[in-house]
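What follows is a set of notes on a single structure, which appears directly below.
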Amino acid sequence: MPLLEVKNITKQYEKDKKVLSGISFDVNGGEFISIIGPSGAGKSTLLRCINRMVDFSSGEILFHNTDIMSLSKKDLRKYRTQIGMIFQHYNLVSRLTVIENVLHGRLGYKTTLQGIMTRFTEEEKKEAFHLLEKLGMREHAYKRCDHLSGGQKQRVGIARALIQQPKILLCDEPIASLDPNSSKVIMDHLKNISQELRITCIVNLHQVDVAKHYSERIIGLNGGQIVYDGAPQELTTTNIHQIYGSEAENLILA
Amino acid sequence: MDTVKSSVTFDIRTKPSGKIKITNWNKSKVVMTGTLLVLTLLSMYGFLTFDYKEINLIQATLDTLANLKLMFLQANLNNFTLAEAIYQIGLTVGLAFLATIIGAVISLFIALFAAKNLSPKPLANTIIIFIAFIRAVPTVLWVFIFAIAAGLGSEAAILGMLLHTVAFLVKAFAESIEELDAGVIEALRASGANWWHVVTNAVIPSTMTSLLSWTFLRFETNFTVAVAMGAVAGAGGIGFELFMASGFYFDMKEVGFITYAILLIAVMLEFMSTRLKKRYIVKS
Ligand SMILES: Nc1ncnc2c1ncn2[C@@H]1O[C@H](COP(=O)(O)OP(=O)(O)OP(=O)(O)O)[C@@H](O)[C@H]1O
Ligand SMILES: [Mg+2]
């Protein structure tokens, strides 16, 4: 049984403009999937439908066979703890320390009062340090986040997502603001996470070569529709045509 | 040569006299100039037609100067001691402090619902409009409105100042909160954090310094208001002593002393709040 089943979903922000139309795919545990497509194709929207930061207009998404649209407010919070998210601009609270930001990933498990009092258990704190250690960020634990480089911030973002103990990681252009070296570090970490911890990674990417190199599966989006869904080795020039339109081809393969 | 000249002259505007115009008379400039002109004419008319009675303008000016000299060069206390003066100043500062602190706490809660990134737009807009109405009425008027129920005194003064403080701070706080990066809120929500978690773990830490700066700024305003309230609304404190010294004892030396004391505090507050504002509120 797949972990996540996306069935024929559509999304419209405005009346007669479908941002997503008829999107269907299944996701298995531990898969590494890249979603590629031109700007405005609906990649970010699709990711946010999965954790219901955006409510889709029609269709169904099943997580462990549960329809996520039927979740109550409380269950939705519980569901979201199982889905980590990583962002292009890291989205950390810059005035707080690295360790405080990592622990924010545990808020989903807290009652309102515990969250307000920032009551974290010793185990949670140890786990936070452990994750930072694994991501090579241990010595920065007490630094304020605005003193970090982009690559370091993104690793804090990853630690914050991992401490949720998620089943799925949604990554919205995680390396779009990073230089090639930091990009490689981040992508390697994501790859490790999916292989060692069997956490499914769904990554929005703008670089086809990166997508090909890291993923087990590529989904190509264009105009809100899936135009390619398959292995990276089988992605042909014609497919790239379909995804990005013919003009872009030279740029991408150059 | 010729073509360049003609293409340039094309959009140069000239006055009827043929000279080149450099101002652009738009609507607001016309209104501004018109208002200034009318005001100038009115004041000239006023000075010419005042009923000066027996007052000799030169004599009056000299007397005023003599009073000013008494006030500011021979400032002294006669009707009460220095210790008492300090106590009265403390009272005024206390009045301002109370109104500011209580106001800030109330404002923070309301501002959470008035910030469009935390609260539904209709609710946020309703609060902002409502608050604008309260702010439009001067503090003194609010004090008098409360005085109807509570009687003139420190209660009415505090309530009036409190209301105006809240109206001011809610707007300032809400705007500070709205500056918070939407992505941060999204990140926490996406991990399952609820609204209160977002407020206490992201919104407050990110905006704390600017909230405190605004509060201090308001404290400075409230100090001057509290002085005035002491005199006008009988709220006590140094303002009341000032009122007594000038309007009751006609003790110019004492008025001078009190003015210096108030000035000292006001300048100190102003200095601190300007620095805070530069550092935390105005972003380059
Ligand atoms: N909140 C919103 N309200 C209205 N329209 C939106 C909203 N969010 C996205 N859209 C529209 O939906 C379409 C898809 O946006 P989306 O951000 O999902 O694209 P994307 O593939 O992630 O693009 P990019 O590569 O630039 O990030 C765009 O046309 C965008 O204008
Ligand atoms: Mg996007």
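The values are calculated or read from the model by the stated rules, or taken from the named source; none is laboratory data. Because the structure is predicted, anything quoted here is derived from the model rather than measured. Here the Cβ is made from the backbone with ideal geometry for all residues, glycine too, and neighbour counts use every protein chain on show.
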Query raised in the report: Identify, please: which residue in the range A:150-196 is under 18 Å from A:HIS130 (Cβ atoms) and polar (S, T, N, Q) and is, among those, nearest to the other protein chains (Cβ to nearest Cβ)?
Result: A:GLN164
Report task. Could you please tell me which pairs satisfy a Cβ distance under 8 Å, a separation of 6+ or placement on different chains, a first residue in the range A:42-54 that is within 16 Å of A:GLN164 (Cβ to Cβ), and a second residue that is near ligand 1 (Cβ under 6 Å from one of its atoms)? Result -> none
Report summary line: Selection from the range A:40-70 of residues of a type in the set (Lys, Arg), within 14 Å of A:ILE83 (Cα to Cα) and within 9 Å of ligand 2 (Cβ to nearest atom) yields none
Report task. With the condition kept exactly as written, say whether any residue in the range B:101-112 is among the hydroxyl-bearing types (Ser, Thr, Tyr), exposed (fewer than 12 other Cβ atoms within 10 Å of the Cβ) and modelled with pLDDT of 85 or more. Result -> no
Report summary line: Condition set of a type outside the set (S, T, N, Q), surrounded by 17 or more Cβ atoms within 10 Å (Cβ to Cβ) and away from ligand 1 (no atom under 12 Å from the Cβ), scope the range A:29-49, selection nearest to the other protein chains (Cβ to nearest Cβ): answer is A:ILE33
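Among B:VAL30, B:VAL8, which is the only one that is modelled with pLDDT of 80 or more and either surrounded by 12 or more Cβ atoms within 10 Å (Cβ to Cβ) or of a type in the set (A, V, I, L, M) (or both)?
The match here is B:VAL30.
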Requested in this report: Run A:THR66 past the list (1) away from ligand 1 (no atom under 16 Å from the Cβ); (2) facing chain B (nearest Cβ under 8 Å); (3) closer than 17 Å to A:LEU4 by Cα; (4) surrounded by fewer than 20 Cβ atoms within 10 Å (Cβ to Cβ) and report the number of the one that doesn't hold.
Outcome: (2)
**Report entry** Among the candidates A:ARG77, A:ARG52, residue that is more than 12 Å from ligand 1 (Cβ to nearest atom), in a helix (DSSP H, G or I), within 11 Å of chain B (Cβ to nearest Cβ) and more than 16 Å from A:GLY22 (Cα to Cα)
**Finding:** A:ARG77
Requested in this report: Could you check, for the range A:181-204, whether at least one of its residues is part of a loop (DSSP other than H, G, I, E, B) and either among the small types (Gly, Ala, Ser) or within 16 Å of ligand 2 (Cβ to nearest atom) (or both)?
Outcome: no
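Quick one: in the range A:1-24, of everything that is part of a strand (DSSP E or B), more than 16 Å from ligand 1 (Cβ to nearest atom) and not aliphatic (A, V, I, L, M), which residue is nearest to A:GLY230 (Cα to Cα)?
A:SER24
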Query raised in the report: Among the candidates B:ALA202, B:ALA150, B:ALA187, which residue alone is surrounded by 20 or more Cβ atoms within 10 Å (Cβ to Cβ), in contact with a helix residue (DSSP H, G or I) (Cβ under 7 Å, 6 or more places away or on another chain) and of a type in the set (Gly, Ala, Ser)?
Result: B:ALA202
Report summary line: Scanning the range A:137-149 residue by residue, those touching a residue at least 40 places away in the same chain (Cβ under 8 Å) and away from chain B (no Cβ under 14 Å) turn out to be A:HIS140, A:ALA141, A:TYR142, A:LYS143, A:LEU148
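If you take the residues in the range A:113-132 that are facing chain B (nearest Cβ under 8 Å) and within 15 Å of B:SER191 (Cβ to Cβ), which one is farthest from the chain's Cα centre (by Cα)?
Restricting attention to the range A:113-132, the residues satisfying the condition of being facing chain B (nearest Cβ under 8 Å) are A:115-116, A:118.
Now narrow it down to the ones that are within 15 Å of B:SER191 (Cβ to Cβ): A:115, A:118.
Working: A:GLY115: 24, A:THR118: 25 Å.
This residue is A:THR118.
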Report summary line: Residues of the range A:162-201 being within 23 Å of B:GLY192 (Cβ to Cβ) and within 13 Å of ligand 1 (Cβ to nearest atom), in sequence order, are A:LEU170, A:CYS171, A:ASP172, A:GLU173, A:PRO174
**Report entry** Residue among B:LEU212, B:LEU188, B:LEU242 that alone is within 30 Å of B:TYR87 (Cβ to Cβ), within 14 Å of chain A (Cβ to nearest Cβ) and in a helix (DSSP H, G or I)
**Finding:** B:LEU212
Query raised in the report: Does B:THR224 qualify as being assigned to a helix (DSSP H, G or I), within 13 Å of another protein chain (Cβ to nearest Cβ) and surrounded by fewer than 24 Cβ atoms within 10 Å (Cβ to Cβ)?
Result: no
Report summary line: Contact list, first residue from the range A:206-230 and under 17 Å from A:CYS49 (Cβ atoms), second anywhere and within 16 Å of ligand 2 (Cβ to nearest atom) and of a type in the set (Lys, Arg), beta-carbon distance below 6 Å, six or more apart or interchain, is A:LEU221/A:LYS43
